[in-house]
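Here the structure is laid out as structure tokens; the discussion comes afterwards.
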Amino acid sequence: MDRDLLRQSLGCHGPALLSLLRSEQQDNPHFRSLLGTAAEPARGAAPPPGAGRKEKRVDNIEIQKFISKKADLLFALSWKSDASPPSEVHDDNDNLYAVMPPLEQFMEMPSMDRRELFFRDIERGDIVIGRISSIREFGFFMVLICLGSGIVRDISHLEITALCPLRDVPSHSNHGDPLSYYQTGDIIRAGIKDIDRYHEKLAVSLYSSSLPPHMAGIKLGVITSEELPLYYRRSVELNSNSLESYENIMQSSLGFVNPGVVEFLLEKLGIDESHPPSLMRGLQSKNFSEDDFASALRKKQSASWALKCVKIGVDYFKVGRHVDAMNEYNKALEIDKQNVEALVARGALLEEEEKFLNAESYYKKALTLDETFKDAEDALQKLHKYMQKSLELREKQAEKEEKQKKKKK
């Protein structure tokens, strides 16, 4: 059992979860030895994440029941893999997976509740982004607009302020006074240094030492609007078109239809795909055919999707729309690099444009991938015959022209 993960979960959910675990896992030998001491923090360890926070409503009883019933699977060490730990920094590449605005933006959630959730979940070392609202001799105040790491929240209209004390503002060589480098309205990225949850006060720092080691390389200080997290920029777009639904925005994202999104997310979450984990006990068996695993199924789906693109491209080719045909063939090869039909179709298109050497390379590549693919073999033989015939005609034409030159002399 993963003792640290269990202790963190108990620190978040409290005695209610401990009671449910003792009831549900009483026959589990792994838990009998753990539950007696799991509720106590390890010697010398930091207090659990929930320590010192405001009391919150007990509205997660269903989650606690789920955790207690699946605890032997959720806290098993087999979930861990050799993959690098997932980054807490919000990615800005919308091509890899769908980057969405905070879910609470699509809900009628009171500002008071959103503010309470923010102060419940914010931790030291988290990254916040805001605008400088005032500069004093002891530091500057900033109004937070979004988060740069941790849980995605909608905080831009909550008027949450943070103080960056003078001692946490690095000096710049051209400015004697560290604060003279900054102006009201500057967008600032900073690390959370101190939290007073009861009075809802925050202190931030512009030194990288305020961040966890794995985020120490992130630039703190003044940033441009283009450096704001993509999820926040999506939030601004949503506010200007509030009628858009969550589903519409998600489906309009390039990352949503990325065929490699599952592999990317598995790697991001540190899940080993070679031993797919599942919380369904019936799927814990190892006796599954390789063809039934997600990787094999995705390969089949990609091949099918690529073939549809090839067929569309062939239709374009037949009516002379060569540019559209090439776009479809390229799309097919992006989806499935080993799609021999797309390679042959692309070769045929180049052959039509008299780019014979390029066409030949695509036919050969298709045969390298599948030496039994008859269409590629036939196309290559036909091309070679045509090229040979063209060469013979050019040679005859050259001889004829040479004879005519001699006659003129």
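The values are calculated or read from the model by the stated rules, or taken from the named source; none is laboratory data. The model shown is predicted, which means the values in this text are computed figures rather than measured ones. Note: ideal-geometry Cβ built from the backbone for every residue, glycine included; neighbour counts use all protein chains shown. For the accessible areas, the whole protein counts, side chains as well, though only heavy atoms, and no ligand, DNA or RNA atoms are used. Shrake-Rupley method; radii C 1.70, N 1.55, O 1.52, S 1.80 Å.
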Discussion item. Please give me the summed charge of the neighbours of Cys309: other residues whose Cβ is under 12 Å from its Cβ, Lys and Arg +1, Asp and Glu -1.
Written reply: -2
Worksheet item: Carbon-plus-sulfur fraction of the accessible area of segment 296-402, 1.4 Å probe, in percent?
Response: 51 percent
Worksheet item: Packing-wise, with mean Cβ within 10 Å as the measure, how do 255-265, 331-341 rank, highest first?
Response: 331-341, 255-265
Worksheet item: Residue-wise, which Karplus ³J(HN,Hα) couplings in Hz belong to segment 230-238, taking 6.51 cos²θ - 1.76 cosθ + 1.60, θ = phi - 60°, and x for glycine or proline?
Response: 4, 4, 6, 4, 5, 4, 5, 4, 5
Discussion item. So if each residue of separation counts as 0.36 nm, and I subtract the Cα-Cα distance between Leu254 and Leu391, what length gain in nm does that give?
Written reply: 44.6 nm
Practice prompt. Compute the signed sum of charges (Lys and Arg +1, Asp and Glu -1) over the other residues within less than 15 Å, Cβ to Cβ, of His172.
Written response: -2
Worksheet, complete the sentence: Any lysines whose Cα falls less than 17 Å from that of Lys400, other than same-chain ones fewer than 8 residues away, would be Lys389, Lys408, Lys409
Worksheet item: Val319 to Ser209: extension gain in nm, 0.36 nm per residue of separation minus the Cα-Cα distance?
Response: 33.3 nm
Worksheet entry | Inter-label distance for Leu297 and His172, nm, one decimal - labels placed 7 Å from Cα along Cα-to-Cβ | 5.4 nm
Worksheet, complete the sentence: Taking placed amide H atoms and a strict 5 Å upper bound, the residues 5 or more places from Ile145 or on another chain that come that close are Ile129, Gly130, Arg131
Practice prompt. Tell me the label-point distance for the pair Ser278, Asp2, using the 7 Å Cα-to-Cβ offset, in nm and rounded to one decimal.
Written response: 2.0 nm
Worksheet item: Using alpha carbon centroids, what distance separates segment 134-168 and segment 191-222, in Å?
Response: 10 Å
Discussion item. Spelling out what I want: for every residue of segment 12-17, take phi, set θ = phi - 60°, compute 6.51 cos²θ - 1.76 cosθ + 1.60 (Karplus), and round to whole Hz; glycine and proline get x.
Written reply: 7, 9, x, x, 4, 5
Worksheet item: Using 7 Å Cα-to-Cβ label points, what is the Glu353/Ile63 separation (nm, one decimal)?
Response: 5.5 nm
Practice prompt. Convert each backbone phi in segment 193-209 into a coupling constant with the Karplus relation 6.51 cos²θ - 1.76 cosθ + 1.60 (shift: θ = phi - 60°), then list the ³J(HN,Hα) values in order as whole Hz, x for Gly and Pro.
Written response: 10, 9, 9, 10, 5, 5, 9, 6, 10, 10, 10, 10, 9, 9, 8, 5, 5
Response to the item:
Heavy-atom accessible area of segment 110-240 with neighbours in place, 1.4 angstrom probe: carbon+sulfur share in percent works out to 51 percent
